[in-house]
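The block underneath contains the structure these notes are about, expressed in structure tokens.
Where a number appears in this text, it was derived from the coordinates with a stated rule and is not lab data. The structure displayed is predicted, hence computed values, not measured ones. Every residue, glycine among them, receives a Cβ derived from its backbone with ideal geometry; neighbour counts consider all protein chains shown.
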Amino acid sequence: MVNWSYLTETKKEVKASDQKSCGNVMAEYEDNLVIIEGSVIKSHEYIVPKSVVDYYDDKNIYLNISRDALLEFDV
């Protein structure tokens with residue numbers, strides 16, 4: 001079982017299936033995660049369903065979609 005609260009509190013880094021960095025998970029909203037790219041100046045904000053999370057390795061959250069596919073979740 002994934003502890004989503006812990007992942008959002010610690011703002012874990014998110015990587016796409018092609019190993020490209022996507023930002024950090026900042027919040028949980030219903031069955032979605034809010035990922036913000038850009039620590040000083042926000043360049044992208046994504047709202048992605050938790051179903052696109054492939055796994056978490058104690059350091060990063062890995063998605064089962066590519067960085068390009070993630071762009072469809074940009075808000």
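Side notes on the structure shown:
- Under a model in which nothing but the beta-carbon of Lys, Arg (+1) and Asp, Glu (-1) is charged, segment 4-73 shows a dipole of about 220 debye around its Cα centre.
- Near residue 50: Cβ cut-off under 14 Å, other residues only, Lys/Arg at +1 and Asp/Glu at -1. The net charge is -3.
- MRE, 222 nm, helices only [DSSP H, n ≥ 4, -39500 (n - 2.57), over the chain, to nearest 500]: -2500 deg cm²/dmol
- Over the chain, equivalent-ellipsoid semi-axes from the Cα gyration tensor in Å: 16, 14, 12
- Contact order relative to length of the chain, as percent, for alpha carbon pairs under 8 angstrom and 6 or more apart: 29
- Residue 18 sits among other residues whose Cβ lies under 9 Å from its own Cβ, and their net charge, with Lys and Arg +1 and Asp and Glu -1, is +2.
- Bridges between two residues of segment 4-73, per DSSP, are antiparallel at a rate of about 85%.
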